[in-house]
Amino acid sequence: MTTADSSARVADAPSDNWVYRTLPRALWPYAQLARWDRPIGWQLLMWPCLWSSALAANALAGQGRLHFGLFLFQLLLFFIGSVAMRGAGCTYNDLVDHEIDMAVARTRSRPLPSGRVSRLQAKLFILAQMLAGLAVLLCFNFFSVVLAIASLVVVAIYPFAKRFTDWPQFFLGLAFSWGGLMGWAGLTGGLSMPALLTYAAAVVWTIGYDTIYAHQDKEDDALIGVRSTARLFAADTKIWLIGFYGSMMLLLLAAFIGAGVGLPAYLGLLAAAVLLAYQIVVLDIDNPGQCLALFKMNTPVGILLFAGLLIGIPFA
């Protein structure tokens, strides 16, 4: 890798990502703004959507009312929408945190603080991603469209939360977990208790995994006054994680019972619980590399839960 190539990368993203192998160099800063070189973000945004959709599919199939083609189409929409909206959200967050990112070692190489993208260019890029997200949203029913628009209030507040509360991860959870409502609404045209329980489960899950993630930056955050649950919980982080992850499992169990899912879904829930328990047991909050690795382990958690729900759909 040349010096010029190195200067165009970001410090906390893998250098062998497809972005650097495939995209023209001029597009690298925009891919970095959208975090295309770090897919874990859109994956974590997508999983609650897919859980909720598959949960609704289980309930509808049990009643003989599942439109399987619509279900598959909705899964595709959630994939595209998650990539687009996560990218827009990250770009917006970088605009809000421009000065903070310049003061944090892990983030000062990002496109805005490094000067590789102007604020105007970032704003135009947000608009393009929002239009892509809107195109996806308009494929859903009217209730889902209204529901999605309501989420924008929380999305707008989140980047500022670290300035006025020790619980910015809670606001991230409210925004990132909205798919727990959307998946159910997309197939049923409304909301019911299993969807609300799934949403609540995704919120506490987000607080848990993002607390682990935030431990990477706690020293820089303390110096510049950025607040987080990682700083708030400190040495008691494992105790709090037991509460968050345990609550997630109980809420999903109640959602599964309410939707009438089959055995495979419960097996997926059990397997996910094992992975979450492993995160708590081995966590070293003073090891940034391990914190990042454990944070990324939440995509397998999402896969296990979705796979269990998908396999358990009664098609007969």
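If you go through region 119-151 and keep only what is among the small types (Gly, Ala, Ser) and in a helix (DSSP H, G or I), you end up with Ala122, Ala128, Ala132, Gly133, Ala135, Ser144, Ala148, Ala150. The single condition from (1) within 20 Å of the chain's Cα centre (by Cα); (2) surrounded by 18 or more Cβ atoms within 10 Å (Cβ to Cβ) that Ile80 fails is (2). Selection of region 219-239 for residues being surrounded by 16 or more Cβ atoms within 10 Å (Cβ to Cβ) and either in contact with a Ser or Thr (Cβ under 7 Å, 6 or more places away or on another chain) or among the β-branched types (Val, Ile, Thr) (or both) yields Asp221, Val226, Arg227, Thr229, Ala230, Phe233, Thr237. What pairs come out if I take residues in region 116-137 that are closer than 15 Å to Ala84 by Cβ and pair them with residues that are crowded, with 19+ Cβ neighbours inside 10 Å and among the hydroxyl-bearing types (Ser, Thr, Tyr) whose C-beta lies under 8 Å away, six or more apart or interchain? Listed pairs, sorted by first residue: Phe125/Tyr30; Phe125/Thr91; Ile126/Thr91; Ile126/Tyr92; Gln129/Thr91; Leu137/Ser144. When region 152-196 is filtered for residues that are closer than 21 Å to Leu75 by Cα, within 14 Å of the chain's Cα centre (by Cα) and among the polar types (S, T, N, Q), only Ser177 remains. If you go through region 255-300 and keep only what is closer than 15 Å to Leu197 by Cβ and touching a residue at least 60 places away in the same chain (Cβ under 8 Å), you end up with Ala255, Phe256, Gly258, Ala259, Gly260, Val261, Ala265.
Given the structure, is Ile207 crowded, with 22+ Cβ neighbours inside 10 Å and farther than 26 Å from Ile313 by Cα? It is true that Ile207 is crowded, with 22+ Cβ neighbours inside 10 Å and farther than 26 Å from Ile313 by Cα. Within region 281-316, the only residue that satisfies the criterion of being closer than 22 Å to Ala271 by Cβ, part of a loop (DSSP other than H, G, I, E, B) and β-branched (Val, Ile, Thr) is Ile313.
For Gly180, are the conditions met, namely being out of contact with any strand residue (DSSP E or B) (no Cβ under 8 Å at 6 or more places or on another chain), part of a helix (DSSP H, G or I) and surrounded by 18 or more Cβ atoms within 10 Å (Cβ to Cβ)? Against the criterion (out of contact with any strand residue (DSSP E or B) (no Cβ under 8 Å at 6 or more places or on another chain), part of a helix (DSSP H, G or I) and surrounded by 18 or more Cβ atoms within 10 Å (Cβ to Cβ)), Gly180 qualifies. Taking Leu191 as the residue in question, decide whether it is in a helix (DSSP H, G or I) and either in contact (Cβ under 8 Å) with a residue 60 or more places away in the chain or not charged (D, E, K, R) (or both). No. Could you please let me know if Leu131 is buried (at least 18 other Cβ atoms within 10 Å of the Cβ), of a type outside the set (Ser, Thr, Tyr), within 21 Å of the chain's Cα centre (by Cα) and at pLDDT 95 or above? No: the conditions fail for Leu131.
Just one of (1) modelled with pLDDT of 90 or more; (2) among the β-branched types (Val, Ile, Thr); (3) under 28 Å from Leu223 (Cα atoms); (4) out of contact with any Leu (no Cβ under 7 Å at 6 or more places or on another chain) fails for Thr91. It is (4). For region 97-118, check the following and say yes or no: at least one residue is over 15 Å from the mean Cα position of the chain (by Cα), part of a helix (DSSP H, G or I) and over 21 Å from Pro168 (Cβ atoms). Looking through region 97-118, at least one residue is over 15 Å from the mean Cα position of the chain (by Cα), part of a helix (DSSP H, G or I) and over 21 Å from Pro168 (Cβ atoms).
On the given criteria, is Val145 among the β-branched types (Val, Ile, Thr) and at pLDDT 95 or above? Yes: the conditions hold for Val145. Can you tell me which of (1) closer than 30 Å to Ala54 by Cβ; (2) in a loop (DSSP other than H, G, I, E, B) is the one Ile257 doesn't meet? If we test Ile257 against (1) closer than 30 Å to Ala54 by Cβ; (2) in a loop (DSSP other than H, G, I, E, B), just (2) comes out false.
The values are calculated or read from the model by the stated rules, or taken from the named source; none is laboratory data. Here the structure is a predicted model, which means the values were calculated and not measured. Glycine gets a Cβ as well: all are built from the backbone with ideal geometry, and neighbour counts include every protein chain shown.
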